Amino acid sequence: MAKSVKMAAPKQSTKQADEGVYVLRLYVAGQTPKSVAALANLKKICAEYLNDQYRVEIIDLLEKPHLAKGDQILAVPTLVRNLPQPVRKIIGDLSNTERVLIGLDLRKHD
């Protein structure tokens, strides 16, 4: 990834934006196959399951390695859900949609 990129759902009123919005951060390391796959899988999951109730920030650690410390990133790609609380982390290319949905608390584990 050339730069940190922000991917966001369409703008909403301030009151709507504060309620039920998922604030996600995807840490990647350049254009590796896993990083590219993680971004594509995240876009698909957000479009299908989050109904425009999300904000995503993409952080390329090759360009900004100091940002890994704040979220204690040990592997990439890693998806961090900052909101709603509690903070959750999902490591990998996000290809296992069911695992990602459970990790984001969109689907309960049976």
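The values are calculated or read from the model by the stated rules, or taken from the named source; none is laboratory data. Computed from a predicted model, the values in this text were never measured in an experiment. Glycine gets a Cβ as well: all are built from the backbone with ideal geometry, and neighbour counts include every protein chain shown.
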- request: Give me a count of the residues in segment 73-102 that are within 11 Å of the chain's Cα centre (by Cα), closer than 20 Å to E48 by Cβ and among the polar types (S, T, N, Q).
  value: 0
- prompt: Just a yes or no: is a residue in segment 32-52 closer than 20 Å to P84 by Cα, more than 10 Å from the chain's Cα centre (by Cα) and aromatic (F, W, Y)?
  reply: yes
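Of everything in segment 33-65, what is of a type in the set (A, V, I, L, M) and part of a helix (DSSP H, G or I)? Give them in sequence order. Working first, answer last.
So the first thing to find is which residues in segment 33-65 are of a type in the set (A, V, I, L, M), and the list is 36-40, 42, 45, 47, 50, 56, 58-59, 61-62.
V36, A37, A38, L39, A40, L42, I45, A47, listed by residue number.
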query: In segment 55-65, how many residues are closer than 9 Å to A29 by Cα and either in contact with a strand residue (DSSP E or B) (Cβ under 8 Å, 6 or more places away or on another chain) or crowded, with 18+ Cβ neighbours inside 10 Å (or both)?
result: 3
message: I need the full set of residues from segment 1-48 which are modelled with pLDDT of 50 or more, surrounded by 12 or more Cβ atoms within 10 Å (Cβ to Cβ), over 15 Å from L104 (Cβ atoms) and not β-branched (V, I, T), in order please.
response: M7, Y27, A29, G30, Q31, K34, S35, A37, L39, A40
message: What are the pairs with Cβ atoms under 8 angstrom where one residue, in segment 20-32, is over 8 Å from P77 (Cβ atoms) and of a type in the set (A, V, I, L, M, F, W, C) and the other, located anywhere, is modelled with pLDDT of 95 or more and in a loop (DSSP other than H, G, I, E, B)? Sequence gap at least six, or different chains.
response: none
- prompt: What is the residue count in segment 66-96 for residues that are exposed (fewer than 15 other Cβ atoms within 10 Å of the Cβ) and polar (S, T, N, Q)?
  reply: 4
